[in-house]
Structure formats: structure tokens, C-alpha cells
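Working notes for the structure below.
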Amino acid sequence: MSENYGVVYLGAGKVEVQKIADPKFQTPAGASIEHGVILRVVTTNICGSDQHMVRGRTTAPAGLVLGHEITGEVIEKGKDVELLEIGDIVSVPFNVACGRCRTCKEGHTGVCLTVNPARAGGAYGYVDMGGWIGGQARYVMIPYADFNLLKFPDRDRALAKIRDLTMLSDILPTGFHGAVNAKVGVGSTVYIAGAGPVGLAAAASARILGAAVVMIGDFNADRLAHASRMGFEAVDLGKHDRLGEQIEQIVGVPEVDSAIDAVGFEARGHAGGEEPAVVLNQMMEITRAAGSIGIPGLYVTEDPGAVDSAAKHGSLGLRFGLGWAKAHSFHTGQTPVIRYNRMLMQAILYDRLNIAEIVNAKVIPLEDAPSGYQAFDSGVANKFVIDPHGMLGKAA
Ligand code: ZN
Ligand code: ZN
């Protein structure tokens with residue numbers, strides 16, 4: 001291993017590529033482990049949930065190495081790793097999971113009980129998620145490697161599709177989980193709030209699950225134009241303040257079978273100001289009686305930058321009575337990536353899911369990560385994929 005460099009959070013609005021320590025076979029608390037591998041990072045993506053931290057909307061500490069969307073090559077393995085070999089190309093689920101606790105055994109790897117002393121659920125490079133070092137770096141350590149990692153069956157084939165496969169670490173399974181929980185099936189009408197990468201991944205997921213119509217709402221003209229080019233119905237929320245009427249123009253009724261919130265707690269209302277409950281309330285308005293709402297968008301328990309004191313602690317002004325009256329089903333929480341990544345990998349490898357094109361992947365070198373963060377924050381219609389070793393070259 002040569003020297004390690006990574007993307008470090010320095011405070012609101014500021015990230016920098018710095019020299020960081022080489023990864024060790026160690027837990028965040030410093031206990032040594034033999035169930036981990038060290039990866040040479042092949043790709044690592046910038047995520048909307050990283051943006052929440054970088055905007056200063058979380059309690060992330062300065063010095064945090066960012067990055068939870070990681071694809072890599074195994075270059076070292078601990079003595080207890082049995083199923084992986086040096087040279088394997090693997091997708092890392094962003095959930096750190098032990099595979100042995102009650103929730104992992106139930107398949108809920110997004111809320112593993114043992115990898116984060118503070119609460120259920122661990123992740124790499126993320127505030128309050130257990131202190132696992134992030135992978136927007138040249139090298140990273142992955143614990144419980146046999147359980148966590150998805151090995152791509154063929155190295156050359158994987159590298160040829162790496163711009164698609166890199167989306168398996170988070171946004172594709174996240175969007176898919178939203179669509180599954182919104183009970184999207186053959187012939188469904190679907191509305192997705194948010195035309196960023198997770199919204200587009202949810203749209204791609206709804207399509208592959210058989211939806212009849214997939215609508216995506218946003219205020220961002222570039223993102224809507226891209227969604228429309230990808231064959232989805234773009235709903236310009238800036239043009240109208242009655243979402244139901246906009247939906248009616250497309251499907252003939254002001255309601256959908258399934259709704260997906262791919263926005264989360266930094267939601268904005270029609271007036272332009274932040275309204276953290278606005279998307280959830282819209283979802284209840286436009287979802288039909290007995291319909292389902294998937295909520296992959298991130299909500300937090302602490303938001304120092306919130307608009308009011310209730311929202312600072314994650315309390316939102318929900319019109320819950322409306323959802324109750326319509327017998328809605330809601331599903332929250334992080335996706336358990338492992339539940340979906342293998343099937344989605346197959347869909348990609350067999351040309352059923354052109355996710356890189358749908359989310360408009362843009363490959364950048366590690367040193368351009370800070371400008372990637374800036375561009376993504378300005379609302380460009382791209383998903384930024386960092387290529388820390390130049391393995392993808394100028395394929396973008
Ligand atoms: Zn992510
Ligand atoms: Zn566990």
C-alpha cells in the first residue's frame with residue numbers, strides 16, 4: 001500500500017483531500033480484528049446524505065473522513081476471511097453489519113445492533129454511525145468482510161460496467177427499497193419526490209418493477225430535464241402549488257398507487273423556504289386510500305440548522321390523521337443493501353438496468369472531490385463518482 005489520501009470534512013461548507021492514515025484491521029474503538037479486508041478503492045461516490053453533513057446540517061465532527069459508497073479490490077485480508085481472495089472486485093454495502101445480531105439475522109442490516117455503541121446501525125464515514133472510517137479515499141478497511149461484501153463474479157466484466165455497479169453500494173438499493181416499500185408492481189402509478197440521484201434510482205427501480213407511469217417532482221429545471229430525457233414524467237413543482245392537479249394532468253386522477261420520498265428533512269415548500277414535513281404531507285395527500293409510501297429520504301434526530309426548535313430534534317408537523325384516515329402504509333429507514341444488491345447486480349450485468357446513464361454518472365479524480373461536492377450542492381444533474389486510482393480513466 002502506498003500513501004493514503006481521503007476526503008476530510010473540515011466544517012460547514014468545507015472539505016479537503018488530505019493525507020490520512022493507512023487502514024488497519026481495527027474497530028473504531030481500537031480493538032484488533034481478523035474478519036476484515038483492506039480494499040484499494042476502485043470507485044467511491046458522493047451522496048446526497050454526505051451533503052447534509054457538508055452543509056453543516058448534522059453534528060459531524062471536523063476531521064471526519066467521508067465516504068460510504070465504496071467499490072474496491074481486495075488487497076489484504078484478515079485470518080478469519082474465508083470467502084474472499086486477493087484481487088476480488090467487491091461492492092461494499094454502506095451499512096456496516098455484523099451478520100450475527102438479532103436484526104442482522106432478520107435481514108435488517110441497516111440497523112445492526114453491534115457495530116455502533118450509540119444506536120442501531122453503522123456506516124462508513126458518517127456522523128453518529130459508529131466511527132467507521134470513510135472510503136472517499138485510496139484505501140479503506142471493511143469489517144465482517146465475508147458477510148458484508150458482494151463479490152462481482154467476473155473481474156473484467158465488472159470493470160467494464162463499473163460506472164453502473166458503483167451504484168450498488170447505496171443509491172440503487174436505496175431507491176429500490178423505496179419502490180418495494182411503496183409496493184410498486186406491474187401497472188402501478190408512482191410519484192417520486194426529488195429528481196436527485198436517489199429519486200432517479202427509485203424511478204429506475206419502479207420501472208424495472210413494472211410501474212405503468214413514473215412521475216418525478218422537483219424544483220430544479222436541469223434535474224427535471226434529465227429525468228424527462230430518461231423517459232420519466234417530470235413534474236415541475238415551481239409551476240404549480242397543487243401537486244394533485246399536476247398528477248391529474250398526467251394520469252387522469254389526482255392520486256397515485258405508490259409514493260416515494262427521495263428528499264428527506266431538508267425539504268422545501270412552494271414558497272421557497274424550508275418545510276421539513278412538506279414532502280411527507282404531500283405524499284399523504286396524493287397517495288390513494290390503502291396506498292403505500294416509501295421513505296428513503298433521510299430524516300434525522302438532531303438537526304442543528306433546522307427552521308424551528310421542534311425540527312431541531314426531528315419532530316415534524318405531520319398531518320398524520322390524513323394518512324391514518326386513508327389507511328396508508330409508511331416505511332422508513334435505511335435500506336438493508338444486502339437484501340437487494342445481488343439481484344440488482346444481475347440486472348446490471350445482463351443489461352436490464354442502465355443506472356449510470358439514468359443518474360447521469362460523472363467520473364472525477366480524487367483531487368477534484370471538493371469541486372464535485374460544490375457542483376452537486378449547486379444542483380447539477382449528476383451523480384459524482386470518484387476514481388481515486390485513475391482506474392476508470394476518462395471513461396466519463
Ligand atoms: Zn449514500
Ligand atoms: Zn448485526
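The values are calculated or read from the model by the stated rules, or taken from the named source; none is laboratory data. The structure displayed is predicted, hence computed values, not measured ones. Every residue, glycine as well, gets a Cβ built from its backbone with ideal geometry; the counts of neighbours run over all protein chains shown. Just so you know, the surface numbers come from the protein's heavy atoms only, side chains and all, with ligands and any DNA or RNA stripped out. Shrake-Rupley method; radii C 1.70, N 1.55, O 1.52, S 1.80 Å.
Brief remarks follow.
- Packing, as the average of other Cβ atoms within 10 Å across residues, places the peptides 209-215, 307-313 in the order 209-215, 307-313, highest first.
- Rounded, prolate or oblate (a/c below 1.5 giving rounded, otherwise prolate when a/b exceeds b/c) for the range 122-273 by Cα gyration tensor: prolate
- Separation of alpha-carbon centers, the range 359-377 and the range 268-314, rounded to whole Å: 27
- When the chain is treated as a GNM with alpha-carbon contacts under 10 Å, the residue of 22, 170, 257 showing the greatest mean-square fluctuation is 22.
- For a label point 7 Å along the Cα-to-beta-carbon line of residue 19, residues of the range 363-394 with backbone N under 19 Å: 366-368, 389
- The residues packed around residue 242, meaning those with a beta-carbon under 10 Å from its beta-carbon, carry a net charge of -4 if Lys and Arg are +1 and Asp and Glu are -1.
- Largest GNM mean-square fluctuation among 58, 301, 44, using the chain with Cα springs under 10 Å: 301.
- Just so you know, the Cα atoms of the chain work out to an Rg and Dmax of 20.1, 61 Å.
- Cross-link reach list, lysines versus residue 183, counting only Cα pairs under 24 Å and skipping chain neighbours closer than eight places: 105, 326
- A crude spin-label estimate for the pair residue 367 and residue 342, with each label 7 Å from Cα along the Cβ direction, gives 4.2 nm.
- Enclosing the Cα atoms of the range 321-374 in their convex hull gives a volume equal to 200 cubic angstrom per residue.
- Proportion of all alpha-carbon pairs of the range 117-199 beyond 17 Å (%): 66
- Surrounding net charge for residue 71, when Lys and Arg each add one and Asp and Glu each subtract one, Cβ distance under 13 Å: -1
- When you restrict to C-alpha pairs under 8 Å that are six or more residues apart and normalise by the size of the chain, the relative contact order lands at 17 percent.
- Over all other residues within a Cβ to Cβ distance under 10 Å of residue 366, the charged ones net out to -2, with Lys and Arg as +1 and Asp and Glu as -1.
- Accessible area per residue for the range 23-102, computed on protein heavy atoms with a 1.4 Å probe, is 35 Å².
- Label-point gap, in nm, between residue 32 and residue 378 - each point 7 angstrom along Cα→Cβ: 4.9
- Cut-off 14 Å, label 7 Å out along Cα→Cβ of residue 106, residues of the range 170-189 by amide N: none
- DSSP beta bridges in the chain [antiparallel fraction, %, rounded to 5]: 55
- Legend: calculated FRET efficiency, residue 351 to residue 225, from the Cβ-Cβ distance at R0 = 30 Å, rounded to 0.05, equals 0.75.
- Multiplying the residue separation of residue 389 and residue 147 by 0.36 nm and subtracting their alpha-carbon distance yields 84.5 nm.
- Of all lysines in the structure, the ones whose alpha carbon falls short of 19 Å from that of residue 79, not counting any fewer than 8 places away in one chain, are 24, 151.
- 13 Å tail of the calculated P(r), the range 1-63, as % of Cα pairs: 71
- Cα gyration tensor shape of the range 285-346, rounded if a/c is under 1.5, else prolate or oblate by comparing a/b with b/c: oblate
- Loop-located GluC sites (Glu not before Pro) in the range 66-97, at most 14 other Cβ atoms within 10 Å (DSSP): 82, 85
- Rule-of-thumb Rg ratio for the range 291-396 [Cα; 2.2 N^0.38 Å; N residues]: 1.47
- Taking only protein heavy atoms and a 1.4 Å probe, the accessible area of the chain is 51% carbon and sulfur.
- Charge dipole magnitude, Cβ of K and R +1, D and E -1 - the range 263-396, Cα centre, debye nearest 20: 600
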